[in-house]
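**Student:** Okay, here's the structure, questions in a sec.
Values quoted throughout were computed directly from the atomic coordinates according to the rules given, and no laboratory measurement underlies them. Not measured: the values here are computed from a predicted model. Methodologically, a virtual Cβ is constructed for each residue, glycine included, from the backbone with ideal geometry; neighbour enumeration extends over all protein chains shown.
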Amino acid sequence: MRKTRMAAAAALAVAAPAGLAACGGGDDGNVTLRYAFWDDNQRPAVEAMIDAFNEDHPDITVELEQNPWDDYWTALDTQLAAQSAPDVFWNHVSKFPTFADQDVLLPITEQIDQAGLDTSAYPAALYDSWAYDGEQYGLPKDWDSIALVYRIDALEAAGIDPAEIEDLEWNPDDGGSYVEFLQRLTIDADGDNALSPEFDPDNVEQYGVAMSSSTGQTDWWNYGVQNGCELQPGPFEEYTLDTPECVEAIQFTADLYNRWQVAVPATSSNQPNGGLTYEFVSAGQSATATDGSWTLSAYRDGLDEGNLAVGPLPAGPAGDGTVINGLSHAIYAGTEHPDEAWELVEFLGSEEAQRIATDLGSVWPGVSSLNQGFTDYWAGEGVDVSGFQTAAEGPNIGYPLSLNDSVYAQIAMEEFNEVWLGSRDAQEAATTVAETANAG
């Protein structure tokens, strides 16, 4: 999920005047559109794209409304209920199904057809994430994937060649080369690693890996994909995370905490109140983290220059695999200016606009042809982020789409937090989560 401490600290940047309707138009023929987003790190790119849009649309004024992640959805729900939502806003796949089902989004299937857009420019899994009941409700804004972020100095101190990351694999029996890799990076106060008979697991100064996810997106979902687990058979179908392949991946994640003791303890990382992975890595408490590409700036800002790199996740018994995700631009169904709102969304989904974000290193673009450009930007910053690109372009599945996502998110956090603490059986937790979420 696109939630970071930095985003959560951002204040509402531009507040809409009290009583403002969805959008306005003056007597001079000019139109004002409200545009809502949450990530302050992306503001420079957003402003640059709006400036480019206005070069050909000088009669459309775009007012920016920014709320941090937690406040963003509360405000949007309130605005939708009051029929005063922004004309165009960032949408997340966890929220999309409910919005589409409630008819608060404007379908854009007809507009896409009339414009003759080549939708193959977008990764198919991302484009299809915004379809519901035969209609398309968004164009991909960006994508993200999960990879292994690491401190270069930690690997050097352990005598590990970063090239080893390319061939790591795990299994549920002995953990494979991945667990051994993490054991070499887990160091106690006396300097002994977790492979040493002298290792003290009660006095660890650096753990091998940090994991922190309220849903599973940045930890066990990916091990699940690597183990042949299907989180659901298809979009909007029931959760099937109680199958043996999924449960085995959940147990493997728990084993990283409790059996092998190579992960930052769940007492410190369990959400919603625990620390986030980049905080543990930046503080030197962890050598690596399984995390999403949207957190790159947080790692860069927290580490010394030249000390950050990203490699692929390990392969599992079923091979490579990750979960990908992305955002879209949605149009409020109640907008007074749907044509102008579509013009803005069409532009923001174009290669021209997304190249602006790419060149600023803002976010991975939703247009596939620009992927390498974003990798190149970060290479110019001295950071190898190819692990994220490898994950996105390799075997992957999309973020689960469900009308019961909010139910899943709550019960999954409650149940799996206990599994990570070692106080709940993985199978029992998975069964409870699946049954509760599927019941809605």
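**Student:** Determine the shape class of the chain: with a ≥ b ≥ c the square roots of the Cα gyration tensor eigenvalues, call it rounded for a/c under 1.5, and otherwise prolate if a/b is greater than b/c, oblate otherwise.
**Tutor:** It is prolate, given that a/c is not under 1.5 and a/b is the larger ratio.
**Student:** So for the chain, averaging the separation of alpha carbon pairs under 8 Å that are six or more residues apart and normalising by length, what relative contact order in percent results?
**Tutor:** 23
**Student:** Assuming a ≥ b ≥ c are the square roots of the Cα gyration tensor eigenvalues, decide whether region 317-422 counts as rounded (a/c under 1.5), prolate (otherwise, with a/b larger than b/c) or oblate.
**Tutor:** Oblate is the answer for region 317-422, as a/c is 1.5 or above yet b/c matches or exceeds a/b.
**Student:** Still on this model: Mind jotting down the distance between the C-alpha centroids of region 144-201 and region 221-283, whole Å?
**Tutor:** If you average the Cα positions of each part, the centres end up 18 Å apart.
**Student:** If I build a Gaussian network model for the chain, linking alpha-carbon pairs within less than 10 angstrom, which residue out of VAL262, VAL31, VAL179 has the largest mean-square fluctuation?
**Tutor:** Sorting by GNM fluctuation, first place goes to VAL31.
**Student:** If you take every residue apart from THR277 with its C-beta less than 10 Å away from the C-beta of THR277, what net charge results, scoring Lys and Arg +1 and Asp and Glu -1?
**Tutor:** With Lys, Arg at +1 and Asp, Glu at -1, the net is -3.
**Student:** May I ask for the angle, rounded to the nearest 10°, between helix 69-81 and the longest principal axis of the chain, with both axes built from Cα atoms and the value confined to 0 to 90°?
**Tutor:** 40
**Student:** Below 8 Å between Cα atoms, with a sequence gap of 6+, how large is the relative contact order for region 35-140 in percent?
**Tutor:** 26
**Student:** Right, here's the next one. Looking at the square roots a ≥ b ≥ c of the eigenvalues of the Cα gyration tensor of region 340-395, which shape do they give, rounded for a/c under 1.5, prolate if a/b is larger than b/c, or oblate?
**Tutor:** Verdict is oblate for region 340-395.
**Student:** Taking springs between alpha-carbon atoms closer than 10 angstrom, which of ALA163, ALA379, ALA391 fluctuates most in the Gaussian network model of the chain?
**Tutor:** Of ALA163, ALA379, ALA391, the Gaussian network model singles out ALA163 as fluctuating most.
**Student:** Nearest 10 degrees, 0 to 90: what angle lies between the long axis of helix 244-258 and the longest principal axis of the chain (Cα atoms)?
**Tutor:** Between helix and principal axis, roughly 60 degrees.
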